[in-house]
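S.K.: What follows is a structure written as structure tokens; I'll ask about it next.
The values are calculated or read from the model by the stated rules, or taken from the named source; none is laboratory data. Because the structure is a prediction, the values reported are computed rather than measured. We place every Cβ from the backbone using ideal geometry, glycine too, and count neighbours over all the protein chains shown. These area figures cover heavy atoms from the full protein model, side chains too; ligands, DNA and RNA do not enter into them. Shrake-Rupley method; radii C 1.70, N 1.55, O 1.52, S 1.80 Å.
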Amino acid sequence: MGTPRRVGPSSYFDPARIGALDGETASLVRRRLAVLGPAYRLFYEQPLQIVRGEGVHLYDADGVEYLDAYNNVASAGHAHPRVTAAIAAQAGVLNTHTRYLHEGIVRYSEELLATLPAELGHVMFTCTGSEAGDLALRIAKHHTGGTGVVVTRNAYHGVTTEVAAISPSLGGVDSLAPWVRWVEAPDAYRVDPAALGFASLGEWFAAQVQTAIDDLAAHGVRLAAFVADSVFASDGVLPDPAGFLAPAVEVVRRAGGVWIADEVQPGFGRTGDAMWGFERHGTAATALVPDLVTIGKPMGNGMPIAAAIMRPEVIEAFGREVRYFNTFGGNAVSIAAAQAVLDVIRDEGLQANAAHVGTLLKAMLAELAARHPAVGDIRGAGLFLGIELVRPGGRDPDEDLALRAVNGLRRRQVLIGTAGLHNNVLKVRPPLVFSPTDAERFAGELDATLAEAG
Ligand SMILES: Cc1ncc(COP(=O)(O)O)c(C=O)c1O
């Protein structure tokens with residue numbers, strides 16, 4: 001039988017350690033396990049019972065405050081009063097579905113699409129990012145007549161059967177469907193394109209995508225889509241160098257496939273330089289516009305709303321031949337939440353704040369990295385940062401240190417997680433209302449934690 005393969009980051013709580021918890025926490029963990037079963041995970045060696053949130057702060061059952069540098073869903077800040085008020089007001093009036101005319105969904109769609117390149121003309125609502133990815137794939141397959149999909153080595157695109165089958169981060173590359181091929185992540189820290197005979201990271205990445213497409217073809221599978229998180233979050237947060245995706249997109253289109261930009265994590269201003277993560281892959285002269293885009297997570301600041309967005313030509317035949325309805329997708333209350341989020345992003349300048357505070361934080365991290373040789377790389381865009389921890393004298397991933405750092409920060413009341421194939425990249429993506437003072441607190445606590453844990 002061998003050793004069972006561990007699935008997911010090692011920073012998850014290990015149920016074998018229930019005995020080490022205080023009585024009250026242990027009892028709640030046991031009750032939870034009894035009802036929710038074995039597939040769920042809890043964060044941290046000491047699970048947290050969060051009961052309240054406000055702005056960038058979370059509070060546990062004892063009233064202890066935590067700096068939230070992890071949660072990208074409550075992007076406008078936890079319990080944002082304007083979002084809360086919009087949800088409550090709409091819930092008190094009407095909550096129905098998309099089979100009735102309603103001004104709210106039309107206005108929101110118009111305003112949302114106005115934030116995207118003009119080529120992306122339609123939006124279809126779902127409740128989760130997984131459903132959005134599932135729908136985008138169905139549309140892509142219908143449009144192209146192909147079924148093949150190319151993804152990156154540790155991609156995560158969701159939990160429905162269709163998107164779990166293209167998500168190696170869930171069950172490893174062996175869990176992928178036969179119509180899926182994976183390529184190594186575009187890791188500028190580890191891949192040296194020149195040493196491999198390529199002019200740039202983008203050319204190297206495109207060559208891999210081409211090989212994957214050729215292999216699909218050799219097995220009689222035509223390409224439908226290349227699906228990529230625009231900042232490659234689960235592959236270790238890999239947003240740079242800007243523009244590197246363009247050659248791969250060209251290869252995909254030449255093979256008759258479409259590019260699905262998964263914006264569930266980078267979208268809605270998080271990358272600071274733009275509203276949408278894919279925008280960093282174009283140039284000032286030429287925008288790189290996806291065929292389909294999936295969005296979710298921060299869209300409703302915690303309300304279950306997500307969407308697939310597409311070029312009209314991609315959905316034309318699907319719209320004629322297949323109808324679409326999603327009972328809760330685009331309901332009036334979720335739309336009210338999403339409208340309030342969009343208003344807050346605009347009125348509070350959250351994209352500009354992500355750019356400003358993200359730059360400050362990166363500089364603080366670069367300064368502390370000089371004291372900690374285990375910090376191999378600091379990268380990111382806006383308020384989506386990755387801090388890669390490595391073993392002394394090289395670039396070997398140090399997962400154990402990352403685990404100690406995550407739990408050490410949690411003890412210091414700062415919440416983050418890990419990312420990457422080797423779980424050695426500290427993933428920092430706080431609510432977008434993160435301030436310079438929050439950034440200072442984060443950097444100070446990380447400094448102290450690495451000094452202890454290193
Ligand atoms: C990049 C990416 N795509 C898709 C999803 C799926 O979204 P959801 O959990 O809302 O189904 C996630 C969720 O973590 C994600 O990170």
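S.K.: Among the numbered criteria (1) in contact with a strand residue (DSSP E or B) (Cβ under 7 Å, 6 or more places away or on another chain); (2) outside any strand (DSSP E or B); (3) loosely packed, with under 12 Cβ neighbours inside 10 Å, which single criterion is violated by residue 51?
M.R.: (2)
S.K.: Here is a follow-up. Considering only segment 80-97, I want to know if a residue exists there that is open to solvent by 50 Å² or more (accessible area, probe 1.4 Å), at pLDDT 95 or above and within 23 Å of the chain's Cα centre (by Cα).
M.R.: no
S.K.: Any residue that is within 12 Å of the ligand (Cβ to nearest atom) and of a type in the set (S, T, N, Q) - is there at least one of those in segment 295-313? Give the derivation first.
M.R.: As a first pass, look at segment 295-313 and keep what is within 12 Å of the ligand (Cβ to nearest atom): 295-300, 302-308.
Filter once more, so that each one left must be of a type in the set (S, T, N, Q): none.
Checked against the condition, which is being within 12 Å of the ligand (Cβ to nearest atom) and of a type in the set (S, T, N, Q), segment 295-313 yields no hits at all.
S.K.: Scanning segment 211-251 for residues that are farther than 20 Å from residue 283 by Cα and among the charged types (D, E, K, R), which turns out farthest from the ligand (Cβ to nearest atom)?
M.R.: 214
S.K.: Considering only segment 120-151, state which residues are within 11 Å of the ligand (Cβ to nearest atom) and out of contact with any helix residue (DSSP H, G or I) (no Cβ under 8 Å at 6 or more places or on another chain).
M.R.: Once the filter is applied, which keeps residues that are within 11 Å of the ligand (Cβ to nearest atom) and out of contact with any helix residue (DSSP H, G or I) (no Cβ under 8 Å at 6 or more places or on another chain), segment 120-151 yields 128, 131, 132, 136.
S.K.: What is the residue count in segment 1-58 for residues that are among the aliphatic types (A, V, I, L, M), out of contact with any helix residue (DSSP H, G or I) (no Cβ under 9 Å at 6 or more places or on another chain) and at pLDDT 90 or above?
M.R.: Kept after step one, since they are among the aliphatic types (A, V, I, L, M), are these residues of segment 1-58: 1, 7, 16, 18, 20-21, 26, 28-29, 33-36, 39, 42, 48, 50-51, 56, 58.
With out of contact with any helix residue (DSSP H, G or I) (no Cβ under 9 Å at 6 or more places or on another chain) added as a condition, the list becomes 1, 16, 28, 34-36, 39, 50-51, 58.
Filter again for at pLDDT 90 or above, leaving 16, 28, 34-36, 39, 50-51, 58.
Result for segment 1-58: 9.
S.K.: How many residues does segment 255-286 hold that are in contact with a Phe, Trp or Tyr (Cβ under 7 Å, 6 or more places away or on another chain), of a type in the set (Lys, Arg) and away from the ligand (no atom under 13 Å from the Cβ)?
M.R.: 0
S.K.: So which helices (runs of 4 or more DSSP H) are wholly in segment 128-202 and hold at least 3 residues that are open to solvent by less than 10 Å² (accessible area, probe 1.4 Å)? Lay out the reasoning, then the answer.
M.R.: On the way: elements: 129-144, 161-164, 168-171.
It comes to 129-144.
S.K.: Any residue that is over 26 Å from residue 381 (Cα atoms) and touching a residue at least 24 places away in the same chain (Cβ under 8 Å) - is there at least one of those in segment 186-201? Lay out the reasoning, then the answer.
M.R.: First, pick out the residues of segment 186-201 that are over 26 Å from residue 381 (Cα atoms): 195-197.
From what's left, touching a residue at least 24 places away in the same chain (Cβ under 8 Å): none.
Checking segment 186-201: not a single residue is over 26 Å from residue 381 (Cα atoms) and touching a residue at least 24 places away in the same chain (Cβ under 8 Å).
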